Amino acid sequence: EPARGTDLQPGNTVTIVVSLGPEEFALPNLKGMSRSAAEARLLELGLVPRILEIPGGDGSHVVTQLPVAGTMVRAGDSVTIYVA
């Protein structure tokens, strides 16, 4: 503050806000969720879902995930869910 391009005089105050970056949070447990629900949850959290199908299943439910539940992540991180 003030807005970019504002003319200032010597002695005027300028406020600068510095970001600490995206907030970290614990990755939820997605195991057992349907593929679509898990993908939607990841997108809701601002994460990037990667989906890998395990041969022999119908690809409808999450059987595991990387990183594991409880790992600290940030919006924009990728999470791989393995579906069978």
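The values are calculated or read from the model by the stated rules, or taken from the named source; none is laboratory data. Bear in mind that the values here come from a model prediction, so they are computed numbers and not experimental data. All Cβ positions, even for glycine, are placed from backbone atoms using ideal geometry, and neighbour counts span all protein chains on display. Accessible surface areas use protein heavy atoms only, side chains included; no ligands, DNA or RNA. Shrake-Rupley method; radii C 1.70, N 1.55, O 1.52, S 1.80 Å.
Structure above, values below:
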read-out: Close pairs from region 45-61: first at positive phi, partner of a type outside the set (A, V, I, L, M, F, W, C) and open to solvent by 90 Å² or more (accessible area, probe 1.4 Å), Cβ under 6 Å, at least 6 apart; value: 59/53
read-out: Residue check for residue 40: of a type outside the set (Val, Ile, Thr) and part of a helix (DSSP H, G or I); value: yes
read-out: Test: residue in region 15-28 that is more than 16 Å from the chain's Cα centre (by Cα), modelled with pLDDT of 95 or more, surrounded by 13 or more Cβ atoms within 10 Å (Cβ to Cβ) and not polar (S, T, N, Q); value: no
read-out: Region 1-28, residues that are touching a strand residue (DSSP E or B) at 6+ places or on another chain (Cβ under 8 Å) and part of a loop (DSSP other than H, G, I, E, B); value: 21, 22, 23, 27
read-out: One residue from 3, 69 being exposed (fewer than 10 other Cβ atoms within 10 Å of the Cβ), among the aliphatic types (A, V, I, L, M) and out of contact with any helix residue (DSSP H, G or I) (no Cβ under 6 Å at 6 or more places or on another chain); value: 3
